[in-house]
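S.K.: I am attaching a structure below and will ask some questions about it afterwards.
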Amino acid sequence: MKRIYDDERMLAAGFIGGTLSKDFGNARDAETTKKIFKELHLPADKILGLKQEHTDTIISITTEEELAAYKEQKEHIADAWLIGLNNIGAMILTADCVPLFLWDEEGKYVGLAHCGWRGIVKKLPQKLAHLMKEKNKEAKLFAYIRPHIEKCCFEVKEDVASQFSQQCLIKKDGKIFVDLTKEIVLQLMAEGVDPLKIKRGCHCTCTCCNEQDFFSFRRTKQKDSLMSFIYKIDR
């Protein structure tokens, strides 16, 4: 059954967004992506894309000048978006990495980040929240953390574990697991985001565990990807 993992607060803030279940197909395929946008009644030519490389780089599209500059470039290496123009959207691809949605209460800006562990260590969630606060200093921020590999499955070696705070590590039976959700929450709280305004899934949204709904590179070693998207509505 096709499912969009979204949040009613998004629409109230003036944008459409969500993470799609794998029933929509592998979003790495361009033709599949076009079909997805058609099915969602979204203009594919208004949904911007980037080349993800586990950076802490954020593409800002908040003015017509920034949009024009984006269109002039052939390739965009980044892992997060900040959208502030109406009738413009953006997308990211994930398998086990974290799709993070972030927006202000007034609906002026919406952010979307591809948060792999490398990007999280580089403070990408915190940097996106900080940029949004710079744009709108008085804004109350909301966050939505969508399906990703969770602490039950994200086993790492000591070299990776050493880059996270101890409170985000779980040691069990001689193994080390990382809680990416907790690390993101801590980073957002460091930027003043109320933890009560950070929403997570209420059922199993671990991509590695939930084979029925999600792709997982950790589980299959296949490069099939879910799509997460945002689209700012003109209202």
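The values are calculated or read from the model by the stated rules, or taken from the named source; none is laboratory data. Keep in mind it's a predicted model, so treat the numbers as computed, not measured. When we count neighbours, we look across all protein chains shown, and the Cβ atoms used for this are built from the backbone with ideal geometry, even at glycine. These area figures cover heavy atoms from the full protein model, side chains too; ligands, DNA and RNA do not enter into them. Shrake-Rupley method; radii C 1.70, N 1.55, O 1.52, S 1.80 Å.
S.K.: Quick check: anything in the stretch 18-33 closer than 21 Å to residue 108 by Cβ and surrounded by 16 or more Cβ atoms within 10 Å (Cβ to Cβ)?
M.R.: Checked against the condition, which is being closer than 21 Å to residue 108 by Cβ and surrounded by 16 or more Cβ atoms within 10 Å (Cβ to Cβ), the stretch 18-33 yields at least one hit.
S.K.: Pairs needed: first member in the stretch 207-235, small (Gly, Ala, Ser); second member anywhere, part of a helix (DSSP H, G or I) and surrounded by fewer than 18 Cβ atoms within 10 Å (Cβ to Cβ); C-beta distance under 9 Å; at least 6 residues apart or different chains.
M.R.: 225/217
S.K.: Also, I was wondering about something else. Quick check on this structure: which one of 143, 190 is loosely packed, with under 14 Cβ neighbours inside 10 Å and in contact (Cβ under 8 Å) with a residue 24 or more places away in the chain?
M.R.: Going through 143, 190 in turn, the sole match is 190.
S.K.: Sticking with this one: Can you tell me which of 176, 198 is at pLDDT 95 or above and under 26 Å from residue 48 (Cβ atoms)?
M.R.: 198
S.K.: Being in contact (Cβ under 8 Å) with a residue 40 or more places away in the chain, of a type in the set (D, E, K, R), open to solvent by 30 Å² or more (accessible area, probe 1.4 Å) and under 18 Å from residue 111 (Cα atoms): is that true of residue 199 here?
M.R.: yes
S.K.: While we're on this one: Going through the stretch 161-180 one residue at a time, which ones are open to solvent by 20 Å² or more (accessible area, probe 1.4 Å) and touching a residue at least 40 places away in the same chain (Cβ under 8 Å)?
M.R.: 163
S.K.: Now for a separate question. Name the single residue, out of those in the stretch 41-65 being assigned to a loop (DSSP other than H, G, I, E, B) and of a type in the set (D, E, K, R), that is least open to solvent (accessible area, probe 1.4 Å).
M.R.: 56
S.K.: Which residue, of 129, 68, is aliphatic (A, V, I, L, M), crowded, with 16+ Cβ neighbours inside 10 Å and in a helix (DSSP H, G or I)?
M.R.: One residue alone meets the criteria, 129.
S.K.: Output yes when any residue across the stretch 77-85 is open to solvent by 40 Å² or more (accessible area, probe 1.4 Å), in contact (Cβ under 8 Å) with a residue 12 or more places away in the chain and of a type in the set (Val, Ile, Thr), and no when none is.
M.R.: There is at least one residue in the stretch 77-85 that is open to solvent by 40 Å² or more (accessible area, probe 1.4 Å), in contact (Cβ under 8 Å) with a residue 12 or more places away in the chain and of a type in the set (Val, Ile, Thr).
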